[in-house]
Amino acid sequence: MLDWGLAPRMVGSNVQRFGPYIILDRIGDGGMAEIFLAKQQGYSGFEKLVALKRIHPRYSQNHTFAQMLIHEAKLAATLQHFNVVQVYDLGEIEGQVFIAMEYVRGRDLAAVLSNTYRRKERLPLPLALCIATEFMTGLDYAHRMRSHDGTALGIIHRDISPQNMLISYEGEVKVTDFGIARVISEKEGFQLPGN
């Protein structure tokens with residue numbers, strides 16, 4: 001097994017409640033949203049770790065950003081594949097739109113490549129090919145996705161980057177972040193102003 005030197009992040013002491021979720025740690029930050037490791041709590045002591053994506057507080061009143069996150073959640077929720085991060089919940093709490101997603105215990109490909117570069121190493125070719133094959137399998141599934149009536153949706157991810165390829169410590173590879181994805185069969189898409 002390749003030692004990437006990537007230890008799991010420790011849970012921070014700054015724990016806060018967000019509806020039925022307890023935010024344990026901030027694990028990601030993007031242009032419009034933050035991602036947190038959270039614990040969903042439910043009936044009779046039920047608990048599940050999730051990745052909670054919510055709009056940055058500075059954008060919480062921006063209707064376009066809210067619609068983009070809603071679009072991402074609805075689109076990703078239609079994709080049921082082992083190489084695509086699953087969406088569990090979409091909602092709004094205290095004026096903040098959020099998505100609860102599958103938590104992938106691991107790292108994104110950018111972190112893995114950065115670590116191997118710092119160590120003056122390269123990913124072994126068989127491992128690189130495995131990651132590429134699994135990632136492409138997830139994208140292929142999304143591209144071939146059809147609606148209930150059999151019409152091709154024409155989903156295009158539009159943000160392929162190492163940050164959006166998650167690799168679990170168990171070796172799973174998953175596509176994430178359909179935030180700017182476009183469905184060609186739709187007449188409208190959500191885009192940031194100026195893009």
Counting Lys +1, Arg +1, Asp -1, Glu -1, what net charge surrounds LEU69 among other residues with beta carbon under 13 Å of its beta carbon?
-> -2
Partner lysines for LYS174 [C-alpha distance under 17 Å; skip if fewer than 8 residues away on the same chain] | LYS53
Paramagnetic reach from THR116 (point 7 Å along Cα→Cβ, amide N under 12 Å) across the range 125-139 | 125-132
Run the quick spin-label model on GLN80 and ASN62: label points 7 Å from Cα toward the beta carbon, then report their separation in nm to one decimal.
-> 3.4 nm
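Using 0.36 nm per residue of separation minus the Cα-Cα distance, give me the extension gain between TYR43 and ASP29 in nm, one decimal. Each step should come with its number before you reach the end.
Details: separation 14, 0.36 × 14 = 5.04 nm, distance 3.06 nm.
Between TYR43 and ASP29, full extension yields an extra 2.0 nm.
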Once both labels are modelled 7 Å past Cα along the beta-carbon direction, what's the ASP149-MET136 spacing in nm?
-> 3.4 nm
Packing rank of 33-44, 70-81, where each peptide gets the mean count of other beta carbons within 10 Å, highest leading = 70-81, 33-44
Proximal aspartates and glutamates to LYS48, defined as alpha-carbon separation beneath 14 angstrom and excluding residues fewer than eight positions away on the same chain = ASP89, GLU102
Quick one: check the C-alpha center-to-center distance for the range 33-50 versus the range 147-167, whole angstrom.
-> 26 Å
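Just need the Rg to Rh number for the range 24-159, please, alpha carbons only, Kirkwood Rh.
That ratio is 1.01, to two decimals.
Every number here is computed from the coordinates shown, using simple stated rules; none is lab data. Predicted model, so just to flag it, every value in this text is computed and none were measured. Every residue, glycine among them, receives a Cβ derived from its backbone with ideal geometry; neighbour counts consider all protein chains shown.
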